[in-house]
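Asker: Before I ask anything, let me first share the structure, which is written out below as structure tokens.
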Amino acid sequence: MRRNVSVIGTLGVLRNAARAGLLPLPDALDKLQQTNFYVAPELIRSLLEEDASHRKTARLEGPGNREHDSAFVIAVITSVAHLE
């Protein structure tokens, strides 16, 4: 961490964006795999399982109150823009 900014990778940004309801993780990972970005298949499988579990829990709990940090949203938009 530098200057109080947490550093996470592309997959972390996409996972957090999916948890915040900003994008569907399976679609984002499909697009990412169509680029030259390498990620181990086991990691993709793990992220998809975690996402499915999170979505199931979120459905049971109902919609929450989501407040988005502007820096986080900018990071997500930037990451997703590179997928297209």
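The values are calculated or read from the model by the stated rules, or taken from the named source; none is laboratory data. Every value quoted in this text rests on a predicted model; they were computed, and no experiment measured them. Glycine also receives a Cβ, built like all others from the backbone with ideal geometry; neighbour counts cover every protein chain displayed.
Asker: Which residue is modelled with the lowest pLDDT, if the candidates are limited to region 40-72 and must be in a helix (DSSP H, G or I), among the hydrophobic types (A, V, I, L, M, F, W, C) and more than 15 Å from L22 (Cβ to Cβ)? So that I can check it myself, show each step before the final result.
Answerer: Step one: of region 40-72, the residues in a helix (DSSP H, G or I) are 41-61, 70-72.
Filter again for among the hydrophobic types (A, V, I, L, M, F, W, C), leaving 43-44, 47-48, 52, 58, 60, 71-72.
Retained after the next criterion (residues that are more than 15 Å from L22 (Cβ to Cβ)): 43-44, 47-48, 52, 60.
Details: L43: 95, I44: 95, L47: 96, L48: 96, A52: 94, L60: 67.
In this case the residue turns out to be L60.
Asker: Could you please find all residues in region 17-47 being acidic (D, E) and closer than 21 Å to R59 by Cα? Quick ask: steps written out before the conclusion?
Answerer: First, the residues of region 17-47 that are acidic (D, E): 27, 30, 42.
The answer is D27, and nothing else.
Asker: Hey, does region 12-35 have a residue that's surrounded by 14 or more Cβ atoms within 10 Å (Cβ to Cβ), touching a Pro at 6+ places or on another chain (Cβ under 7 Å) and either at pLDDT 90 or above or of a type in the set (S, T, N, Q) (or both)?
Answerer: For region 12-35, residues surrounded by 14 or more Cβ atoms within 10 Å (Cβ to Cβ), touching a Pro at 6+ places or on another chain (Cβ under 7 Å) and either at pLDDT 90 or above or of a type in the set (S, T, N, Q) (or both): present.
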